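Some notes on the structure that comes next.
We did not get these values from a lab; they are worked out from the coordinates using the rules stated. All of these numbers come straight from a predicted model, not from anything done at the bench. Counting neighbours? That spans all protein chains shown, and the Cβs are built from the backbone with ideal geometry, glycine included.
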Amino acid sequence: MNADDRAPRLAHHVYVVELDRAVLRDRRFRARNPNYVDGMPCVYVGMTGLAVEERFANHRAGYKSNRYVRKYGLRLLPELYECFNPMPYEAARQMEMELADELQEKGYAVWQG
């Protein structure tokens, strides 16, 4: 069996972090979400090769973190992403974009990593 015959490693995850609504005061964040429906959650969507909880802890600690998650991150929202994980890298990369778009279409305020 050569390298091309192997199944892709299912080592990546998409994840969603709930952000405090105070993030809406950030002009850049608000501009990225012109169709935000008042009262819907504000979230960050990302992907990682780590355990999702470890990645969230890294964000909060400032290690390779997104500034919105570091400043406004409240908690993980596994009900929005667990059904997709784990997956190969390329699938996770694509799913990150698709999930962000889907949530934005539903009225969420979204920042994608």
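Per-structure values
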quantity	calculated
Electrostatic dipole magnitude of the range 2-113 [Cβ: Lys, Arg +1; Asp, Glu -1; Cα centre; debye, to 20]	780 debye
Whole-angstrom gap from the range 7-41 to the range 60-84, using each part's C-alpha centre	9 Å
Alpha carbon convex hull of the chain, volume per residue in cubic angstrom	105 Å³
Helix 52-61 axis, angle to the chain major axis (alpha carbon atoms, nearest 10°)	50 degrees
Fraction of antiparallel bridges per DSSP, the chain only, in percent to nearest 5	75 percent
Rounded to 10°, Cα long-axis angle of helix 89-105 versus longest principal axis of the chain	30 degrees
Residue-averaged [θ]222 nm for the chain, counting only DSSP H segments that reach four residues, each worth -39500 (n - 2.57)	-9500 deg cm²/dmol
Over the chain, relative contact order from alpha-carbon pairs under 8 Å, at least 6 apart, %	44 percent
Selected from Leu76, Leu10, Ala57, residue furthest toward positive end of dipole (the range 3-112; charges at beta carbon)	Ala57
